[in-house]
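The values are calculated or read from the model by the stated rules, or taken from the named source; none is laboratory data. Because the structure is a prediction, the values reported are computed rather than measured. Cβ: placed from backbone, ideal geometry, glycine included. Neighbour counts: every protein chain shown. For accessibility, only protein heavy atoms count, side chains too; no ligands or nucleic acids. Shrake-Rupley method; radii C 1.70, N 1.55, O 1.52, S 1.80 Å.
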2 protein chains.
Amino acid sequence: MAFLDELAAALPDGAVVTDVDLLETYRRDRTDWLTPGQPQAAAFPRTTAEVAAAVKVAATHRIPIVPRGAGSSLAGGSQAIDGCLILCVERMDRILDVDEVDQTVTVEPGVLNAHISEATAPHGLWYPPDPASKAFCSIGGNIATNAGGLCCVKYGVTRDYVMGLEVVLADGTVIETGRRTIKGVAGLDLTGLMVGSEGTLGIVTRARLRLRPSPDGTATLVAFFPTLTAAGDAVAAITRAGLGLSLMEIMDRTTVVAVDDAYRMDLERDAAALLLLQSDSPDPLRGTEIARAAELCESSDATYTVTTEDAEQADALLQARRLAIPALEQQGTTLLDDIAVPRSRVPELLGRAQDIAEQRDVTIGSFGHAGDGNLHPTLVVPRDDDGTVLHRALAAFDDLVLAALELGGTITGEHGVGTIKAPFLEQEVGTANLAVQRRIKRELDPLGLLNPGRWL
Amino acid sequence: MAFLDELAAALPDGAVVTDVDLLETYRRDRTDWLTPGQPQAAAFPRTTAEVAAAVKVAATHRIPIVPRGAGSSLAGGSQAIDGCLILCVERMDRILDVDEVDQTVTVEPGVLNAHISEATAPHGLWYPPDPASKAFCSIGGNIATNAGGLCCVKYGVTRDYVMGLEVVLADGTVIETGRRTIKGVAGLDLTGLMVGSEGTLGIVTRARLRLRPSPDGTATLVAFFPTLTAAGDAVAAITRAGLGLSLMEIMDRTTVVAVDDAYRMDLERDAAALLLLQSDSPDPLRGTEIARAAELCESSDATYTVTTEDAEQADALLQARRLAIPALEQQGTTLLDDIAVPRSRVPELLGRAQDIAEQRDVTIGSFGHAGDGNLHPTLVVPRDDDGTVLHRALAAFDDLVLAALELGGTITGEHGVGTIKAPFLEQEVGTANLAVQRRIKRELDPLGLLNPGRWL
């Protein structure tokens with residue numbers, strides 16, 4: 001039987017889409033500046049058995065599979081490749097179980113990140129990892145990329161919250177990994193291996209996640225600095241002081257001005273950098289921590305600081321950070337980078353970004369997670385560009401990645417290697433390490449059908 | 001050339017030991033009740049190149065390798081097997097670098113756990129994972145087993161602190177894994193795969209670890225309960241309240257009485273369970289947290305509670321827990337188990353342990369990490385036993401492991417599968433999962449030379 005016939009026969013009515021117009025949405029992710037390939041079909045399973053059935057049919061016909069959650073990748077991780085089957089788990093969107101005592105939640109991969117904490121809030125519980133895209137990214141994609149977020153500086157990343165998985169392997173076998181206990185060391189950590197494997201080793205069909213008791217309030221601080229180094233000094237001093245801040249974000253002048261231009265927020269347009277800090281520790285500790293952070297900012301030459309424990313005022317302050325991407329997008333098409341360096345090198349990386357902007361004659365707005373050294377320098381290409389600026393922007397993008405490596409950093413802090421960082425991976429991890437990764441990939445997916453054309 | 005000649009030629013003078021008397025120490029770990037095999041030699045490399053050279057010689061001659069740190073395994077993880085080469089890293093004991101700003105330390109595998117925090121304390125930094133054996137276990141072994149400890153309930157386990165590794169693979173290839181940044185998602189998580197692999201995938205020769213700012217004090221609480229369920233209720237209530245306790249230990253009556261018999265500590269001998277709780281949060285939060293924990297214990301029917309913020313008094317209270325093993329050892333040879341269940345099932349598991357003790361007619365003292373459901377029921381066999389009690393104790397040991405599985409738990413919370421839990425692994429992880437583990441093992445160690453006879 002032909003592939004599409006066999007696939008349609010293996011899945012319920014309506015689970016396979018081949019219409020080119022309908023596929024248009026599903027062949028793209030949010031890496032706008034890449035051109036996706038043309039898939040031959042998209043499958044929308046509702047159960048693990050349906051995922052396994054689709055994988056088996058694809059394997060029989062040697063059809064490459066591009067797994068897809070909500071398609072919010074910024075690294076080309078879920079862009080279609082020519083002739084592929086898109087295996088989209090968006091209809092597997094049930095929250096299966098919330099356990100109050102053991103503080104866990106069991107979910108299907110298509111559940112949106114923000115929906116998890118909404119569902120667990122009535123139980124006084126919360127799922128910490130919070131990508132900026134949390135309203136429209138899925139937990140399946142979060143697991144595939146080991147996604148980060150704003151509060152990771154205190155609470156860690158996706159991998160720290162995944163206790164166990166159900167995974168469909170390349171041959172359609174279903175395995176369960178992990179455990180129900182907080183601790184456990186029984187055998188190789190296949191859970192951790194699957195997290196961050198970007199759909200190249202298997203397709204996650206269910207996940208058991210750890211939760212935490214919801215914080216009951218926040219204290220927030222915004223501080224402006226005359227130089228990048230001063231902002232970096234403040235971050236270092238706050239880290240050294242062991243203040244348990246739950247958010248430590250930075251924005252450079254280009255980003256601050258873009259936000260102020262677009263939204264008239266009365267920001268200090270002359271400042272070289274803005275730090276946005278928050279504590280969600282129990283009252284009154286959060287107030288103490290933020291007051292101490294403000295002191296440390298001031299002794300690092302902050303020109304202006306403002307603090308609040310009021311939720312609405314805090315939201316208003318956080319808006320400046322949330323609006324960074326939309327504000328830069330008002331100036332053109334954006335190429336969002338995702339690099340990380342040791343915390344101590346953040347000011348240096350921000351300085352390099354400014355140098356690169358000058359050398360390549362492009363606009364770069366830098367912002368990101370200062371507390372863990374993870375930045376998103378964002379290149380802006382005017383919408384009426386004839387390709388000239390894009391060409392320079394792509395060169396600048398590569399310069400930024402190489403600068404991160406030079407500073408002892410990584411080519412991707414939280415978005416994944418995907419398509420766009422694949423050329424740099426060997427330089428970061430080394431030939432012998434990459435060879436081991438490829439041996440594991442080949443052993444688990446000998447036909448190379450799972451998300452090919454990425455790094456493995 | 002014969003194996004031993006080639007090995008001696010490949011390593012510096014004094015690095016290879018074949019004397020049977022000298023080997024006696026190195027063929028054993030702390031799993032006293034197992035009989036180790038007879039190695040043909042032990043190698044004591046001082047550098048990565050020497051480890052690689054020894055591995056290559058062993059591979060050429062198809063000699064199995066048993067990697068060894070400090071030999072403190074309680075799971076038979078570093079017991080010699082007949083004819084093996086013991087590859088002992090105890091001479092690789094240098095702390096290479098402490099980075100105050102990025103809060104990292106780089107160590108060789110033979111460094112003892114406690115030495116790390118001693119070396120970083122002058123920098124105001126601390127390495128959290130704290131096995132009870134921290135004075136005499138090595139970081140290499142901690143990494144091999146993904147070791148836990150007392151403060152894991154707040155701070156997580158070894159894997160959460162390993163940022164990067166240097167590893168010698170089965171063919172002598174050296175790879176580096178991980179990164180220098182807090183976050184990073186470049187490629188498969190080989191670091192996490194190596195952590196907990198118990199020497200079956202490679203030999204760790206260097207590790208970069210995360211540190212935390214040292215806490216500046218503690219508040220401590222001891223509470224006695226009339227029933228196991230009451231103690232379990234208190235743990236659940238404290239967890240639900242989101243108190244950030246850094247220690248939540250439990251001891252059952254058998255253990256409490258053993259400690260009181262041996263050391264006359266004036267403990268409540270009638271209590272069914274003792275909880276030992278500590279907060280290391282900043283002052284004054286720690287006092288608030290422990291006061292709230294005391295209230296929650298009292299409303300869960302605690303018969304007696306005592307709290308202190310004095311370091312010496314706290315040490316005295318912690319002694320009861322630290323003396324659990326020595327006290328039980330005064331009664332005979334101990335078989336220490338290591339099982340974990342979802343936190344909610346702890347009272348049930350303790351009850352099962354009592355039932356098993358009765359049914360099998362053996363003494364079982366249970367204690368452990370209540371906060372993360374990880375218990376160490378310990379069987380006591382009189383020293384003059386003719387084998388009869390040992391036989392019953394081994395049966396009880398298996399009963400305990402199966403009870404943990406029945407309650408949704410794991411066969412090992414922090415000690416590793418080693419030799420003694422190998423028969424239970426497939427039952428926990430499933431046939432398909434274990435097959436994947438074996439495929440990875442076979443791909444990375446096709447000759448099966450690294451720590452054979454364990455679970456892979």
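Residue by residue, here is whether (1) open to solvent by less than 30 Å² (accessible area, probe 1.4 Å); (2) within 11 Å of chain A (Cβ to nearest Cβ); (3) modelled with pLDDT under 95 holds:
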| site | (1), (2), (3) |
| --- | --- |
| B:Ala132 | no, no, yes |
| B:Cys137 | yes, no, no |
| B:Ile143 | yes, no, no |
| B:Leu150 | no, no, yes |
| B:Thr173 | no, yes, no |
| B:Thr177 | yes, yes, no |
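Going through the stretch A:1-32 one residue at a time, which ones are out of contact with any strand residue (DSSP E or B) (no Cβ under 6 Å at 6 or more places or on another chain) and among the aromatic types (Phe, Trp, Tyr)?
Passing the criteria: only A:Phe3.
Scan the stretch A:72-88 residue by residue and report those that are open to solvent by 10 Å² or more (accessible area, probe 1.4 Å) and either under 18 Å from A:Val51 (Cα atoms) or acidic (Asp, Glu) (or both).
Matches in the stretch A:72-88: A:Ser78, A:Asp82.
Condition first: surrounded by 18 or more Cβ atoms within 10 Å (Cβ to Cβ) and either assigned by TED's automatic domain parsing to the domain that holds A:Thr227 or in contact with a Phe, Trp or Tyr (Cβ under 9 Å, 6 or more places away or on another chain) (or both). Now tell me which residues in the stretch A:333-355 satisfy that.
A:Thr334, A:Leu335, A:Asp337
Quick one: count up the residues across the stretch B:231-287 that are away from chain A (no Cβ under 14 Å), assigned to a helix (DSSP H, G or I) and buried (at least 24 other Cβ atoms within 10 Å of the Cβ).
The total comes to 5.
Every residue in the stretch B:37-49 that is over 16 Å from B:Asp19 (Cβ atoms) and buried (at least 22 other Cβ atoms within 10 Å of the Cβ), please.
Correct list: B:Pro45 only.
Return the residues of the stretch A:100-125 that are open to solvent by less than 50 Å² (accessible area, probe 1.4 Å) and out of contact with any Lys or Arg (no Cβ under 8 Å at 6 or more places or on another chain); say none if nothing qualifies.
Within the stretch A:100-125, A:Ile116, A:Ser117, A:Ala119, A:Thr120 meet the criteria.
So which residues in the stretch A:1-59 are charged (D, E, K, R) and free of Cβ contacts under 8 Å to residues at least 24 places away in the same chain, if there are any at all?
Scanning the stretch A:1-59 gives A:Asp5, A:Asp13, A:Asp19, A:Asp21, A:Glu24.
Go through the stretch A:38-62 and give me each residue that's within 15 Å of A:Gly199 (Cβ to Cβ) and either in a loop (DSSP other than H, G, I, E, B) or hydroxyl-bearing (Ser, Thr, Tyr) (or both).
Listed by number, the residues that qualify are A:Pro39, A:Pro45.
Can you confirm whether B:Thr227 is more than 13 Å from chain A (Cβ to nearest Cβ) and more than 24 Å from the chain's Cα centre (by Cα)?
Yes, satisfied.
Within the stretch A:398-413, can you find the residues that are more than 7 Å from chain B (Cβ to nearest Cβ) and open to solvent by 10 Å² or more (accessible area, probe 1.4 Å)? Full working, then the answer.
From the stretch A:398-413, those more than 7 Å from chain B (Cβ to nearest Cβ) are A:398-407; that's our starting set.
Passing the criteria: A:Asp398, A:Asp399, A:Leu402, A:Leu405, A:Glu406.
For the stretch A:288-329, which residues satisfy the criterion of being basic (Lys, Arg) and either surrounded by fewer than 20 Cβ atoms within 10 Å (Cβ to Cβ) or without any contact (Cβ under 8 Å) to a residue 60 or more places away in the chain (or both)? Explain how you work it out, then say what you get.
Of the residues in the stretch A:288-329, the ones basic (Lys, Arg) are A:292, A:321-322.
Matches in the stretch A:288-329: A:Arg292, A:Arg322.
Going residue by residue through the stretch B:339-359, is there one that turns out to be under 21 Å from A:Asp102 (Cα atoms), part of a loop (DSSP other than H, G, I, E, B), touching a residue at least 12 places away in the same chain (Cβ under 8 Å) and in contact with a Leu (Cβ under 7 Å, 6 or more places away or on another chain)?
The answer is yes, given that some residue of the stretch B:339-359 is under 21 Å from A:Asp102 (Cα atoms), part of a loop (DSSP other than H, G, I, E, B), touching a residue at least 12 places away in the same chain (Cβ under 8 Å) and in contact with a Leu (Cβ under 7 Å, 6 or more places away or on another chain).
Those residues that are assigned to a loop (DSSP other than H, G, I, E, B), among the hydrophobic types (A, V, I, L, M, F, W, C) and under 33 Å from the mean Cα position of the chain (by Cα), I need them from the stretch B:1-32; list them, please.
Residues of the stretch B:1-32 assigned to a loop (DSSP other than H, G, I, E, B): B:1-2, B:11-15, B:18-19, B:27-32.
Those still in the list that are among the hydrophobic types (A, V, I, L, M, F, W, C) too: B:1-2, B:11, B:15.
Correct list: B:Leu11, B:Ala15.
Take B:Leu425 and decide whether it is open to solvent by less than 10 Å² (accessible area, probe 1.4 Å), facing chain A (nearest Cβ under 8 Å) and closer than 27 Å to B:Leu169 by Cβ. If you could, list the steps in order and put the result at the bottom.
On the way: open to solvent by less than 10 Å² (accessible area, probe 1.4 Å): yes; facing chain A (nearest Cβ under 8 Å): yes; closer than 27 Å to B:Leu169 by Cβ: yes.
Considered against the rule, which asks whether it is open to solvent by less than 10 Å² (accessible area, probe 1.4 Å), facing chain A (nearest Cβ under 8 Å) and closer than 27 Å to B:Leu169 by Cβ, B:Leu425 comes out as yes.
For the stretch B:195-207, enumerate the residues that are under 27 Å from A:Gly371 (Cβ atoms) and crowded, with 24+ Cβ neighbours inside 10 Å.
Taking the stretch B:195-207 as the starting set, the residues that turn out to be under 27 Å from A:Gly371 (Cβ atoms) are B:195, B:206-207.
Hits for the stretch B:195-207 are B:Val195, B:Ala207.
So, B:Asp160, is that one open to solvent by 40 Å² or more (accessible area, probe 1.4 Å) and out of contact with any Phe, Trp or Tyr (no Cβ under 8 Å at 6 or more places or on another chain) or not?
Values: open to solvent by 40 Å² or more (accessible area, probe 1.4 Å): yes; out of contact with any Phe, Trp or Tyr (no Cβ under 8 Å at 6 or more places or on another chain): yes.
Criteria met by B:Asp160.
Look at B:Arg30 and say whether it is of a type in the set (Lys, Arg), more than 15 Å from B:Gln79 (Cβ to Cβ) and open to solvent by 60 Å² or more (accessible area, probe 1.4 Å).
Working: of a type in the set (Lys, Arg): yes; more than 15 Å from B:Gln79 (Cβ to Cβ): no; open to solvent by 60 Å² or more (accessible area, probe 1.4 Å): yes.
Criteria not met by B:Arg30.
Among the residues of the stretch B:414-440, write down those that are in contact with a strand residue (DSSP E or B) (Cβ under 7 Å, 6 or more places away or on another chain) and of a type outside the set (Gly, Ala, Ser). Step through it out loud before you land on a result.
Restricting attention to the stretch B:414-440, the residues satisfying the condition of being in contact with a strand residue (DSSP E or B) (Cβ under 7 Å, 6 or more places away or on another chain) are B:414, B:428, B:430, B:432-433, B:436.
Matches in the stretch B:414-440: B:Glu414, B:Glu428, B:Asn433, B:Val436.
Mind checking which residues of the stretch A:179-205 are more than 7 Å from chain B (Cβ to nearest Cβ) and farther than 30 Å from B:Gly244 by Cβ?
Of everything in the stretch A:179-205, those that are more than 7 Å from chain B (Cβ to nearest Cβ) and farther than 30 Å from B:Gly244 by Cβ turn out to be A:Glu198, A:Gly199, A:Thr200, A:Leu201, A:Gly202, A:Ile203, A:Val204, A:Thr205.
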